[in-house]
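Trainee: Encoded as C-alpha cells, here's the structure I'll be asking about.
The values are calculated or read from the model by the stated rules, or taken from the named source; none is laboratory data. This one's a predicted model, so the numbers in the text were calculated from it and none came from an experiment. Neighbour counts run over all protein chains shown; Cβ positions are idealised from the backbone, glycine included.
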Amino acid sequence: MDDAETRTFSSPSDCTRIDTLLGEVYADLSRTYARRLIDQGRVTLRGKPARPSDRPAKGDAVVVRMPEPEPMRAEAQDIPLSILYEDEYLLVVDKPKGMVVHPAAGHADGTLVNALLAHCGDNLSDLNGVVRPGIVHRIDKDTSGLLLVVKDNRVHEQVAEKIRRHDFHRVYDAVVLGIVPEDSGTITAPIGRDPKERKRMAVVRDGKPARTYFRTIERLDGATRIEATLDTGRTHQIRVHMAYIGHPVLGDPLYGGLRKDLPLHGQALHARILGFDHPVDGRHLEFQSEPPAEFLALVERLRR
C-alpha cells in the first residue's frame, strides 16, 4: 500500500475511542473513514494494529499511515436545487441545512456539487478542481442559506478577487447561547486552526485577520437572536467569533453551543443575505432567503 503521509502522535487524554480520536486529530475526517483506515491496518497503537473500539491511554503512541488520495471526480446526481438566480455566468442557490457543499472524505455524494453537475453539466468553473467545480466560497454542512456558484473560469477569478477585497455583502441570522448585553458590536480577532484540536478553528495569535459585525435582533429565553455581517470569510468565522465572546451559536457541538433542553441538529445559523456587483455587467444583485422552519420554530419556542 502506498502511503501519502505517516504521522505519529500521542493521545492527549484517556478513554477516547481511537476512531473518535482520529477525527479530532485530522480535520474533516469522519468516523466512518477513520474506521476504514483502522480496518485496512493503517493505524497502530502501542506498536500493534488498532481496533476501532481501542481506547488509548494518555501519552500512548498512535501511528497513522494515510493512503495516497484516490483520483476522484464528483458525479452528477439528480438532487433538487433551490435556485434564486441564474445566468450564463453564475447562479445563486439556497442550500438546505444538512447538505455538504462538495465531496470530501466521508461525503462522497449527495452534496451540492453533485446536484450542480446534474443541473449545469460541464458548464461550471474548474479552477478548484474536479471535486469542487463552480465553488468559490462555502458554507458549513449544517448552515443553511445563500451560496454563489460560478460557471466560467474568468468570472471565477473575478469573484474570488471580490471576496479577497471584501466586496461581497454577506449577512447571517443566528441564535446564540446566553443574553448578549450589547445592541451591536465588532469582533476583530485572527482565526486559525486550533493547535489542540485539529477539527476546530480558534482565535490564535498567528491566524488570518478576521472581522465580524453583529447586531442584536431579539433577546430570548437564555439565548439571543443576532444578525452577523462578515467583513472577512474565514472557516467557521461566525461560530468561532461568537464562541470567543462567550456566546456560541446555539446547537453548535463543536464550539460549545449545546443546551440539554434543546435537542438541535447542528448550529442555528442561516446565510440570509448575499449581495454583490455582477462581475460581467456590473449590476448590483442582492438576494434574501428566509430562515428554514426549524430555525423559526426554535426562535418561537425561546420566545415562550
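Trainee: In the list D261, D221, which residue meets the criterion of being out of contact with any helix residue (DSSP H, G or I) (no Cβ under 9 Å at 6 or more places or on another chain), acidic (D, E), over 30 Å from L91 (Cβ atoms) and surrounded by fewer than 16 Cβ atoms within 10 Å (Cβ to Cβ)?
Mentor: D261
Trainee: So, one more: Out of contact with any Gly (no Cβ under 8 Å at 6 or more places or on another chain) and in a loop (DSSP other than H, G, I, E, B): is that true of L254 in this structure?
Mentor: Taking the combined requirement at face value, the residue satisfies it.
Trainee: Within region 91-124, which residues are more than 23 Å from E294 (Cβ to Cβ) and either among the acidic types (D, E) or in contact with a Lys or Arg (Cβ under 6 Å, 6 or more places away or on another chain) (or both)?
Mentor: Within region 91-124, H102, D109, D122, N123, L124 qualify.
Trainee: Count, please, the residues in region 171-184 that happen to be touching a residue at least 60 places away in the same chain (Cβ under 8 Å), touching a Lys or Arg at 6+ places or on another chain (Cβ under 9 Å) and not hydroxyl-bearing (S, T, Y). Before the answer, list the steps.
Mentor: The initial filter retains those residues of region 171-184 that are touching a residue at least 60 places away in the same chain (Cβ under 8 Å), namely 171-178, 180.
Narrowing the set further to residues that are touching a Lys or Arg at 6+ places or on another chain (Cβ under 9 Å) leaves 171-177, 180.
Filter again for not hydroxyl-bearing (S, T, Y), leaving 171, 173-177, 180.
Residues meeting the conditions: 7.
Trainee: Also, I was wondering about something else. Which one of P190, P195, P253 is in contact with a strand residue (DSSP E or B) (Cβ under 8 Å, 6 or more places away or on another chain) and surrounded by fewer than 16 Cβ atoms within 10 Å (Cβ to Cβ)?
Mentor: One residue alone meets the criteria, P195.
Trainee: Is it true that G266 is surrounded by 13 or more Cβ atoms within 10 Å (Cβ to Cβ) and outside the structural domain of D140 (by TED's automatic domain parsing)?
Mentor: yes
Trainee: In region 115-131, what count of residues is obtained for those that are buried (at least 21 other Cβ atoms within 10 Å of the Cβ) and either not small (G, A, S) or not assigned by TED's automatic domain parsing to the domain that holds K151 (or both)?
Mentor: 3
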